[in-house]
């Protein structure tokens with residue numbers, strides 16, 4: 001069984017995905033991980049974790065800074081354009097995702113280039129939710145989502161809160177399973193989305 005993990009963060013800022021990947025490897029699954037790299041304080045930690053995964057998984061890294069310039073420029077244009085287009089198409093899942101996280105479009109574009117089949121696509125972070133659903137539906141894979149935080153609560157701007165809530169309502173009902181970092185986070189999401197009890201469960 002081949003598992004694809006995706007995130008808009010790097011290894012140094014996403015301990016839950018690292019934990020899941022290590023568990024999957026220990027259980028004997030084939031694992032591919034798509035993440036970002038940043039030239040900031042988290043780079044050293046990212047590289048150290050990367051060493052522990054060497055020869056154990058397929059790791060695909062996407063630059064998350066302004067270099068190379070063209071992908072960064074395109075993601076910025078898409079990010080700003082999506083926010084404008086949502087005034088016309090307020091329920092478009094792709095636009096909601098592009099407008100919630102600038103790296104979401106970059107991640108989706110990289111996933112289009114993957115030429116392997118995956119049994120599961122597992123997303124961490126709100127910017128990875130739509131790309132995961134998009135790939136899973138196109139390839140007949142199952143989808144899992146990990147809720148590391150209550151994403152609408154990451155901002156105090158009402159418009160951005162509503163945007164995140166709408167995206168979550170669009171994506172989560174399509175997941176085959178959903179995990180949350182804590183019972184409190186789980187309860188907040190239950191206020192937004194009604195899911196089968198077997199489908200939504202907490203994971204510390």
* To do: Kindly check whether there is at least one residue in segment 61-68 that is in a helix (DSSP H, G or I), under 22 Å from residue 147 (Cα atoms) and at pLDDT 95 or above.
  => no
* Could you identify the single residue in 6, 17 that is assigned to a helix (DSSP H, G or I), closer than 27 Å to residue 152 by Cα, touching a strand residue (DSSP E or B) at 6+ places or on another chain (Cβ under 7 Å) and in contact (Cβ under 8 Å) with a residue 40 or more places away in the chain? => 17
* **Among (1) touching a residue at least 60 places away in the same chain (Cβ under 8 Å); (2) surrounded by fewer than 17 Cβ atoms within 10 Å (Cβ to Cβ); (3) not in a loop (DSSP other than H, G, I, E, B), the one test that residue 74 misses** => (1)
* To do: Would you mention how many residues in segment 26-38 are touching a strand residue (DSSP E or B) at 6+ places or on another chain (Cβ under 6 Å) and outside any loop (DSSP other than H, G, I, E, B)?
  => 8
* Asked: In this structure, is residue 13 within 26 Å of residue 165 (Cβ to Cβ) and either out of contact with any helix residue (DSSP H, G or I) (no Cβ under 7 Å at 6 or more places or on another chain) or surrounded by 21 or more Cβ atoms within 10 Å (Cβ to Cβ) (or both)?
  -> yes
* Asked: Can you name the residue in segment 41-60 that is free of Cβ contacts under 8 Å to residues at least 24 places away in the same chain and either part of a loop (DSSP other than H, G, I, E, B) or touching a strand residue (DSSP E or B) at 6+ places or on another chain (Cβ under 8 Å) (or both) and, of all such residues, is surrounded by the fewest Cβ atoms within 10 Å (Cβ to Cβ)?
  -> 55
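Residue-by-condition table, conditions (1) in a strand (DSSP E or B); (2) without any contact (Cβ under 8 Å) to a residue 60 or more places away in the chain; (3) touching a strand residue (DSSP E or B) at 6+ places or on another chain (Cβ under 9 Å); (4) surrounded by fewer than 20 Cβ atoms within 10 Å (Cβ to Cβ):
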| position | (1), (2), (3), (4) |
| --- | --- |
| 117 | no, no, yes, yes |
| 130 | no, yes, yes, no |
| 135 | no, no, yes, no |
| 138 | no, yes, no, yes |
| 186 | no, yes, yes, yes |
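The values are calculated or read from the model by the stated rules, or taken from the named source; none is laboratory data. These figures come from a predicted structure and were not determined experimentally. Because the Cβ atoms are built from the backbone with ideal geometry, glycine has one as well, and the counts that use them run over all protein chains shown.
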